[in-house]
Amino acid sequence: MRRPVIAGNWKMYKAIGEAVEFVEQLRPLVAQCLHCDVVVAPPFTALAAVNAAARGSNIAVSAQNCHWDQEGAHTGDVSPQMLVDAGCSYVIIGHSERRHDHGETDDQVNRKVKAALAAGLVPIVCVGETLAEREDRNTRGVLHRQFRGGSAGLTAAEFSRIIVAYEPCWAIGTGRTASPEMASESHACLRQLASECFGRVVASGLRILYGGSVKPENIGGLMAQEEIDGALVGGASLKVDSFSAIVNYPRGMEAGASTS
Ligand code: PEP
């Protein structure tokens, strides 16, 4: 049984006060939530305050990016150790907005993953094809390249601590969601890759989240897929009502839920 994860990526939204207010309102709405891990990823400026507001709750804090060095002359960057210091237990790595807007490469993703693991963080490693790549029937090729590049050199023990998020770029922030079957096919491809690289047992424990226009209306259908172990949510994670509805998705049909 893989324990689902519902993670909200707030991107460059919410000042400190808004972020704290969000967590205060979210706490009671997810307090009874035993079926999944709940994660919010505020901007760097709000990490410490959100961590303080979430203390004693079942809400974990993630950063949206990190550098691979512990410290150094890297203006504007934040190290994994600094994220731990601010109360993070997760970090999103290789989001498509980092890959496309900042030219982040698979090699850099790999260095960040290793550094995050060394600092004790759980990396949420994003992969996914563009629309052009899908239309060129190259989705598998892209997933192969990003998966192998991002996880190169990890031991099976290290790999077993990471989470992968399949986020087709054409579904991010567009309102266009991959159908549950389409997402499931890519997740199965990623699990197969994990099996080839790290063995069947490790692959069967790998949590693969889907991301791309997830909302309360479609989370049930996505979570009903055996291959989908949770969601990385952008826009719909910015409002307490929609995020808590996603966390408390309709259950009973999904294969990945665990109550322990
Ligand atoms: C994301 O930013 O990771 C994302 C999936 O965004 P949205 O849910 O808005 O498509």
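The values are calculated or read from the model by the stated rules, or taken from the named source; none is laboratory data. Values in this document were obtained by computation on a predicted structure and should not be read as measured data. Glycine gets a Cβ as well: all are built from the backbone with ideal geometry, and neighbour counts include every protein chain shown.
Report yes if some residue within the stretch 168-176 is away from the ligand (no atom under 12 Å from the Cβ) and at negative phi; otherwise report no. No, that holds for no residue. If you take the residues in the stretch 139-167 that are hydroxyl-bearing (Ser, Thr, Tyr) and surrounded by fewer than 18 Cβ atoms within 10 Å (Cβ to Cβ), which one is farthest from the ligand (Cβ to nearest atom)? Step by step, filter the stretch 139-167, then rank; the result is 155.
In the set (1) within 16 Å of the ligand (Cβ to nearest atom); (2) not small (Gly, Ala, Ser); (3) not in a loop (DSSP other than H, G, I, E, B), the condition left unmet by residue 192 is number (1). Residues that are within 15 Å of the ligand (Cβ to nearest atom) and not in a strand (DSSP E or B) within the stretch 230-241 comprise 234, 235, 236, 237, 238, 239, listed in sequence order. Of all residues in the stretch 56-113, which are touching a residue at least 12 places away in the same chain (Cβ under 8 Å), among the small types (Gly, Ala, Ser) and either part of a loop (DSSP other than H, G, I, E, B) or away from the ligand (no atom under 16 Å from the Cβ) (or both)? Residues satisfying the conditions are 57, 60, 79, 86, 87, 89, 94. Being in a helix (DSSP H, G or I) and farther than 14 Å from residue 126 by Cβ is the filter here; which residues of the stretch 171-182 pass it? Selection gives 180, 181, 182.
Consider residue 201 carefully, then state whether it is within 14 Å of the ligand (Cβ to nearest atom), of a type in the set (A, V, I, L, M, F, W, C) and either in a loop (DSSP other than H, G, I, E, B) or modelled with pLDDT of 95 or more (or both). Show your work before the answer.
Numbers: within 14 Å of the ligand (Cβ to nearest atom): no; of a type in the set (A, V, I, L, M, F, W, C): yes; either in a loop (DSSP other than H, G, I, E, B) or modelled with pLDDT of 95 or more (or both): yes.
No: the conditions fail for residue 201.
Here is a check on your reading of the model: is residue 136 touching a Gly at 6+ places or on another chain (Cβ under 7 Å) and either without any contact (Cβ under 8 Å) to a residue 40 or more places away in the chain or surrounded by fewer than 19 Cβ atoms within 10 Å (Cβ to Cβ) (or both)? No, not satisfied.
Surrounded by 15 or more Cβ atoms within 10 Å (Cβ to Cβ), at pLDDT 95 or above, farther than 19 Å from residue 62 by Cα and in contact with an Asp or Glu (Cβ under 9 Å, 6 or more places away or on another chain): does that describe residue 191? When the stated conditions are applied, residue 191 passes them.
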